[in-house]
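The values are calculated or read from the model by the stated rules, or taken from the named source; none is laboratory data. Computed from a prediction, not measured in an experiment: that's the story for all the values here. Every residue, glycine among them, receives a Cβ derived from its backbone with ideal geometry; neighbour counts consider all protein chains shown.
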Amino acid sequence: MLWESSLQAWSLREARSSLSVAKVLCWCSTRNTWQSGHVLSMNNVYGGTLGYLKRIAGGLQGVEMSFAELEEAAEEHKFNSIRDDTKLTWIETPTNPTLRVVDIPATVFITHWDPSKPLVFVDDMLLSF
C-alpha cells in the first residue's frame, strides 16, 4: 500500500496543477485566501509545519485551524471535519517522521464533495529523497 500511495503521490507531484510549498503559502497569504476562513490539517504533520499552522496562520494571520486524524479516519469523520468556511485541507504523506500514509485520491474526493471546493495541499517532501 505504501508503494502504491508513493507512486500516486509522485504522479501528482509531476502534474501541471501541483505547486511547491513556498508557492502555496505565498499565494494563500497574498490573496487573503485564509482570512475569515478555516484550514483543516491532519494531526500528524511535521513539527515545523505544525508550528507554522498554529502560530503563524492560526495566530498572526487569523486563520481558524482544526486538526483531525485524516490518515486513518473513516470517510464519515473526514466529511464531518470539513466546514462551510473551509478554504484548505492540508495533508502530509508519508508523514515525517512516523511514515503514516494518507489516501490522497479519497481525501481530495471527500474535500471537493463540499460545495465550496476547498483547496487540497499535499506535502510529499519525504518522497523526494
_Subset of segment 44-65 (residues that are surrounded by 14 or more Cβ atoms within 10 Å (Cβ to Cβ) and not charged (D, E, K, R))_ = Asn44, Val45, Tyr46, Thr49, Leu50, Tyr52, Leu53, Ala57, Gly58, Gln61, Val63, Met65
*Which residues, counting only those in segment 40-58, are outside any helix (DSSP H, G or I) and not hydrophobic (A, V, I, L, M, F, W, C)?*
Ser41, Asn43, Asn44, Tyr46
*Out of curiosity, is Asn80 at pLDDT 60 or above and in a loop (DSSP other than H, G, I, E, B)?*
no
*Yes/no for Thr111 being modelled with pLDDT of 85 or more, within 14 Å of the chain's Cα centre (by Cα) and assigned to a helix (DSSP H, G or I)*: yes
*Report yes if Val24 is surrounded by 13 or more Cβ atoms within 10 Å (Cβ to Cβ) and either at pLDDT 80 or above or touching a helix residue (DSSP H, G or I) at 6+ places or on another chain (Cβ under 6 Å) (or both), otherwise no.*
no
